[in-house]
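Taking it in order: structure first as structure tokens, then the write-up.
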Amino acid sequence: MASPTPSSPAASPPASRGRAALAVLLLASTLTVMAGTILTPVVGVIRGELGVSGTGAGLILTAHGLSLAIASPLVGWTIDRWGLKTPLVAGLLLYGVAGGAGLVTTSYTALIISRFAFGVGAAAVFAGTTVALLALYEGPERDRVAGWRSVAISVGGIIWPLLGGALGGISWHGPFAIYLLGIPVGIAMMFTLPKSLNAKRPGGGGGTITLLRSRPRLLGLYALSLTSSFLLYVLAVFLPQRLAQLGVETPFLVALYTTSTSVAGTLVGLAYAKIKKSLGYIRLLRVSVVLWVAAFLVAGTAGNSVLIVLAPALFGLGMGMSVPALAVMIGETAPPALRGQATSLSGTANFTGQFAAPLVIGPAVGATSIATGFRIAGGIAALSFLLLFLLKDPAPAAAPSAAPKEPADEEGTAAR
């Protein structure tokens, strides 16, 4: 997707419109991380109320990941072919309606069906918000905004699960009300995004196979994305069960533990641009993976509820660096005309990892213990470290010859 070109200052509407677009995009970004995490504090309650197994309860957190993974390539093609704005707005509306369906759902089957529909909307939100920020910003400004987006995602991972935990103390249906936020955010997106982001591309830029053949580096980046999401959801699904073994079962207290991941991610995200400038992408990702390994070593060995809080905190530090780095690396590796598909495939990787987490680790936990499952996850994290030796930092972008370009729509709207 080509970056819009600025027009004359005289034609520019107030810059506040561009700031509003950024604010709405950052708010929408908080919705991606809460896709499953707001239900984490009540997954044990749902398990008891609906009479399902531990793995079945885990699928309530991750079922949307399967439909998201399947729908993402089509969402990406739609963005590249028809423009960004309409798919993103439609996705937000579906996100709100299907996610909120859990307020009135009383059977496990109906709940899983609604989660699959929800995943299609979440696919559009995940890809759309990423592509919009990549299209509207360049160079150091893109790194700053990527850091802000990481903070927004992390803040969403703090606020929404805590609110979900509070509502879950009233009823296990309560947390599903938070998904309804997608509806007003979708309406706001309709009025704030530049119209240029809805430009059609009749000829297209090629398909997924063309993209991966021309940019094989993307495969390694997708593998890291899949691993990070897999590990995140190992914690999301099995940490509450481990806490229950240690006597921590109140939904709000469970939420406090799980949100430490996002608190740590917020702290790192605020400094992301400086950290990336100092380390570069690959060394930054290596540090992230080492933190993942440390997190699961703690989770697999801690024997009390005080020490185990270090596990999600350490993991959050790594995620706070890896999420923006991988998003920008994928966006910059892909040709602009195929950026929608490249980003959506990272969604496929991310949410395939989420969906697979309880299916892969669950049987090991059932046969041994949760601590053993965490140690296996730590081994998987260690293997991903080896992948980083096959990747290199991208060539630095040429320095701009003039003042940094302000992204704008076709009427000259500055996206600030």
Yes/no for Val89 being part of a helix (DSSP H, G or I), under 16 Å from the mean Cα position of the chain (by Cα) and farther than 29 Å from Met321 by Cβ: no
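Please find, among Ala110, Ala101, Ala152, the residue that is within 18 Å of the chain's Cα centre (by Cα) and either surrounded by fewer than 24 Cβ atoms within 10 Å (Cβ to Cβ) or not acidic (Asp, Glu) (or both). Break it down into steps so the answer makes sense when it comes.
Details: Ala110 fails: within 18 Å of the chain's Cα centre (by Cα); Ala101 fails: within 18 Å of the chain's Cα centre (by Cα).
Result of the check over Ala110, Ala101, Ala152: Ala152.
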Single condition Gly247 does not satisfy, out of (1) open to solvent by less than 30 Å² (accessible area, probe 1.4 Å); (2) on the phi > 0 side of the Ramachandran plot: (1)
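Listed here are the residues, each with its yes/no results for (1) farther than 26 Å from Ala271 by Cα; (2) modelled with pLDDT of 80 or more.
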| site | (1), (2) |
| --- | --- |
| Gly318 | no, yes |
| Ala325 | no, yes |
| Met329 | no, yes |
| Thr348 | yes, yes |
| Gly366 | yes, yes |
| Leu390 | yes, no |
| Pro404 | no, no |
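The values are calculated or read from the model by the stated rules, or taken from the named source; none is laboratory data. Note that the coordinates shown come from a computational prediction; the quantities given were computed from them, not determined experimentally. Quick reminder, even Gly has a Cβ in these numbers, built from the backbone with ideal geometry, and neighbours come from all protein chains shown. With ligands, DNA and RNA removed, areas are computed over all heavy atoms of the protein, side chains included. Shrake-Rupley method; radii C 1.70, N 1.55, O 1.52, S 1.80 Å.
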